[in-house]
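In what follows, a structure is listed as C-alpha cells, so that the remarks can point back to it.
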Amino acid sequence: MSSPEGSVIIREGSTELYVPELHSNKGPGKRIGRVFFNDQMSFNRDVSVMLLASSPKVRTALDAMAATGVRAIRIANEARPDVHMVANDKDAEACAYIEANADLNSTGNVEASNEDLRCLLAKRVFDYIDLDPFGTPVPFVPAVLQGLKRSGMAGITATDTAPLAGTYPKKCARRYGAFSQRSPFGHETGLRILIGHIAREAAKEDKGLDTVLSYYADHYMRTFVRMREGGAEADRTLERLGFIDYDPGTGCRTVSPERSSARSIGPLWLGPLHDHETLDSMRAGEGLHRRSRCEKYLELWRGELEVPFFYDNDELASLSRTSPRPLGAVLEALGACGRVSRTHFSPTGIRTELSYREVLDIYKTI
Ligand SMILES: C[S@@+](CC[C@H](N)C(=O)[O-])C[C@H]1O[C@@H](n2cnc3c(N)ncnc32)[C@H](O)[C@@H]1O
C-alpha cells in the first residue's frame with residue numbers, strides 16, 4: 001500500500017507510523033490537517049500499551065476514535081499481537097492512514113473501520129474500548145457502555161479540563177450534571193467528576209464499575225474503568241459518589257455523601273483512583289516512547305494514598321501565614337502522626353489521612 005499523501009514516517013515507541021507532515025506537538029492538539037496526530041499524547045498511548053500488556057483477559061479491543069491508528073497499532077505491535085484490534089474513525093482519510101499503518105507494521109490483527117463509533121457499537125461488543133475525543137467524551141459514553149462485554153474495560157480521555165476543574169462551572173453542570181469550583185486540587189475534582197459521570201451513566205443500565213487507573217497529565221484527564229454487571233453493583237458504585245465542600249477562605253475541605261451547601265463540588269467519585277494489583281503488574285518496558293516518565297508515574301501512582309483530595313505545600317504555607325517548608329520535612333512531620341504520600345497531581349502535593357485541623361497544626365510546628 002502506498003503512503004498517504006502529505007505524510008511522513010515517524011517512530012513512536014517501537015512502532016513506525018505514517019502521520020501527517022503537519023501535526024500538533026503540544027497542548028490539547030489542533031486539527032491542523034484533515035487527520036489528527038499529536039506527539040504530546042505519546043505518554044497517554046504508552047500508558048495504554050503498558051495497561052493492555054497487563055490485561056490478558058482482553059481478547060477483542062476497539063480504538064473507537066483512532067485517527068492515524070497510532071494507539072491501536074502500538075498496542076497490537078508492542079503488547080498484544082494476540083488481540084483482535086479494531087481501529088475505527090468516522091473520517092475516511094483517517095481510515096486510509098490506519099490501513100497504511102497496519103500495513104507498514106505488518107500487524108495482521110488490526111482491522112480498519114470507517115464508521116461513526118455509535119453505529120459500530122450498536123452492532124459489535126468488545127472487551128476493551130478506548131475513547132479519545134476532541135474535548136469532552138460525554139456524547140459518546142452511552143455508546144461505549146453499550147459496546148462493552150461483561151466485565152469489559154473502557155479507557156476514556158477528557159481534554160475539557162477547564163469546565164471539569166472549575167474554570168467554567170456552568171459548562172461542567174451542563175455537560176456532566178455536576179457542580180465544579182476552582183480549588184488547589186481542581187484537577188482531582190475534575191477527574192472524579194468525570195468518573196462520577198461515567199458511573200451514573202452505567203447505573204442507568206444496571207451496571208457498576210471499578211476504577212483500574214485514573215490520572216491527570218499535561219492537558220487531559222484519563223480513566224480506565226472495569227464494568228460490573230447488575231443492579232446491586234450499580235448501587236454499590238453509586239454509594240461511592242459524594243461531594244466535597246471547599247472553603248477558599250480557610251482552605252477547609254469536608255467530604256460528605258450528600259450535597260451540604262450551594263458550593264458543594266460534585267457529585268463525584270470518592271472511591272479509589274487505581275487498582276493497585278493492576279498497577280503492580282504494569283511494567284515500563286524498554287520499547288516505550290517516554291519510558292522514564294512512565295517509570296516515574298508508575299511509582300507515584302503506586303505510592304499514592306487512596307484518600308480523596310490533597311493539600312498543596314504552597315497552600316498550607318499561605319494558610320499558616322508562613323513561607324513554604326521543604327516538602328521532605330512536611331512529609332516527615334505529617335508522616336509521624338498518620339499516613340502520608342505524594343500525589344501525581346502536583347509535585348508539591350501531599351495526601352494524608354489526617355484532618356484539615358491536624359494538618360494545619362502540624363504545619364505550623366515545622
Ligand atoms: C483526538 S482525535 C483521536 C486521536 C487518536 N486517538 C490518537 O491517539 O492519535 C479524535 C478522532 O475522532 C474522530 N471522530 C470524531 N467523531 C467521531 C465519531 N462520532 N465516530 C468515530 N470517530 C470520530 C475524528 O475524526 C478524530 O480523528
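By the Cα gyration tensor, the chain has an equivalent ellipsoid whose semi-axes, rounded to whole angstrom, run 37, 23, 19 from largest to smallest. Which angle between 0 and 90 degrees, to the nearest 10, do you get for helix 186-204 versus the longest principal axis of the chain when only C-alpha atoms count? Approximately 60 degrees, to the nearest ten. Residue exposure proxy: MET221, MET85, ordered by other Cβ atoms within 10 angstrom of their Cβ from fewest to most, comes out as MET221, MET85.
Annotation: amide H of GLU12 within the under-5 Å range of LEU17, sequence separation 5 or more or interchain, hydrogens built in the peptide plane. Amide hydrogen proximity for SER55: with H placed 1.01 Å from N in the peptide plane, no residue at 5 or more positions away or on another chain lies under 5 Å. Secondary structure note: in the chain, about 65% of the DSSP beta bridges are antiparallel. Ranking GLY196, ALA79, ALA173 by how far each Cα lies toward the positive end of the dipole of the chain (charges on Cβ) leaves ALA173 at the top. Exposure proxy ranking for ARG283, ARG192, ARG228, based on other Cβ atoms within 10 angstrom of each Cβ and starting from the fewest, stands as ARG283, ARG228, ARG192. The phi torsions of the range 170-175, fed into the Karplus equation with coefficients 6.51, -1.76 and 1.60 and a -60° offset, translate into couplings of 5, 5, 5, 4, 5, 6 Hz, rounded to whole numbers, with Gly and Pro shown as x.
For the pairs LYS57/LYS90; LYS123/LYS207; LYS170/LYS296, note any where the Cα-Cα span goes beyond 26 Å. Violating the 26 Å Cα-Cα cut-off are LYS57/LYS90; LYS170/LYS296.
Couplings 3J(HN,Hα) of the range 96-102, computed from phi: 5, 5, 4, 4, 5, 6, 5 Hz, in residue order, whole Hz [Karplus 6.51 cos²θ - 1.76 cosθ + 1.60, θ = phi - 60°; x for Gly and Pro]. Rounded to the nearest 20, the size of the Cβ-charge dipole of the range 97-236 about its Cα centre is 680 debye, with Lys and Arg at +1 and Asp and Glu at -1.
Dividing the convex hull volume of the alpha-carbon atoms in the range 249-366 by its residue count gives 136 Å³ per residue. Taking label positions 7 Å along the Cα-Cβ direction at both ASP91 and THR254, the computed distance is 4.9 nm, reported to one decimal.
FYI, it's all coordinate maths here, none of it is from the lab. Predicted model only: the values in this text are computed from it and were never measured. Methodologically, a virtual Cβ is constructed for each residue, glycine included, from the backbone with ideal geometry; neighbour enumeration extends over all protein chains shown.
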